[in-house]
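A short write-up of the structure that comes next.
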Amino acid sequence: MDIYLVPVGAERYDLYCEVDDHAPRERDDHRAAWRRKASDLFHRTLQYLEDERRRRLAAAAAEPRTRWQRLRDRVLGWLAERVAEQRLLWHLRSQVVATLHHPDDLSPAQADAIVRRSLRRDGGRHLRWTIAHTLAYLVALPLSAIPGPNFLTWFFAFRALGHFLSWLGTRQGLSAVQWTLVPCPPLTTLRRLRSAAPSDRRSIARVAAETLHLHHLDTFVERMALGGP
């Protein structure tokens with residue numbers, strides 16, 4: 001797994017990767033049965049979200065939407081954004097080796113410290129949200145007896161599981177993954193973004209993305225470092 005330590009501010013960094021979500025997943029029959037079932041359910045839900053996203057885009061173009069449908073579309077779109085944010089940690093939980101590409105003006109020791117600090121911070125945040133959404137799910141659970149779509153309980157269950165899997169990813173990265181650190185000059189060029197003229201920013205990000213053969217790095221950098229949409 002290739003992970004990139006992307007500078008998004010003077011002293012701020014974010015972890016970034018691009019993975020193939022459609023690649024076949026290896027089954028791990030040594031996992032506890034409940035974890036295997038939860039993981040399978042989670043991946044089916046991810047596929048449902050992707051199918052729903054495509055369906056609602058097609059439906060929005062073909063026919064007017066009711067207020068309930070528009071609200072549901074917004075929630076699904078928000079969930080899709082959360083999926084994108086947590087995808088790296090979900091994949092990290094199944095890794096035993098990973099390559100960290102870092103700006104070449106950082107020493108390997110500095111880059112390693114930044115990554116571990118980031119994983120510890122994210123681990124605490126995801127654990128807190130796991131507990132919060134699990135409690136919310138338990139509170140909403142009686143509503144599942146009411147006939148009709150149980151969207152509220154589904155929402156909290158999905159969010160709790162997503163944060164739990166992210167927490168597992170941070171634990172794996174901190175305790176089990178063997179990291180190989182590789183200096184990466186194109187990442188260093190991204191430090192120029194905040195001081196560059198607006199007309200040059202996208203060009204700098206795009207060149208770095210093309211050099212590293214990353215399809216969405218420039219969009220990620222614009223969103224994280226430049227406060228774009």
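The values are calculated or read from the model by the stated rules, or taken from the named source; none is laboratory data. Since the structure is predicted, the reported quantities are computational estimates derived from the model, not experimental observations. Here Cβ is always computed from backbone atoms with ideal geometry, including for glycine, and neighbour counts include all displayed protein chains. When the accessible area is computed, the model is the full protein with side chains, heavy atoms only, and any ligands, DNA or RNA have been set aside. Shrake-Rupley method; radii C 1.70, N 1.55, O 1.52, S 1.80 Å.
Please report the net charge: other residues with Cβ closer than 10 Å to the Cβ of ARG201, K and R +1, D and E -1.
In short, +1.
Give me the net charge of LEU214's neighbourhood, meaning all other residues with Cβ under 11 Å from the Cβ of LEU214; Lys, Arg count +1, Asp, Glu -1. Please list the in-between numbers first.
Numbers: positive: ARG206; negative: ASP2, GLU18, GLU210, ASP218.
Local net charge: -3.
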message: Once neighbouring chains are kept in place and the probe is 1.4 Å, which whole percent of the accessible area of the stretch 112-199 is contributed by carbon and sulfur?
response: 65
message: If you take every residue apart from ARG128 with its C-beta less than 14 Å away from the C-beta of ARG128, what net charge results, scoring Lys and Arg +1 and Asp and Glu -1?
response: +3
- line: Sorted by chain and then number, the residues having a modelled amide H within less than 5 Å of the amide H of TYR13, at least 5 places away or on another chain, are VAL8
